[in-house]
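To start, the structure itself, in structure tokens.
Read-outs throughout are calculated quantities, based only on the coordinates presented, and are distinct from any laboratory measurement. As the structure is a computational prediction, the values presented were derived from the model and not from experiment.
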Ligand SMILES: [Zn+2]
């Protein structure tokens with residue numbers, strides 16, 4: 001049977017928030033997953049925006065020096 005990690009009350013229905021103490025019943029694993037997802041999202045955004053800026057600069061340089 002699952003148990004709350006805060007107060008150790010039984011949690012047979014698998015509630016994310018404990019009905020006894022109101023805390024998170026499985027904080028460590030869930031927090032790690034959310035952290036990993038957010039970090040991947042940030043890196044993806046950074047890489048995407050950087051590439052876009054580089055391409056934008058190249059296009060502007062071509063226009064300036066190409067004519
Ligand atoms: Zn609890």
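Tabulated values for the structure
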quantity	calculated
Extension gain, residue 16 back to residue 61 (0.36 nm per residue minus Cα-Cα distance, nm)	10.8 nm
Fully extended contour minus Cα-Cα distance, from residue 8 to residue 26, at 0.36 nm per residue	5.4 nm
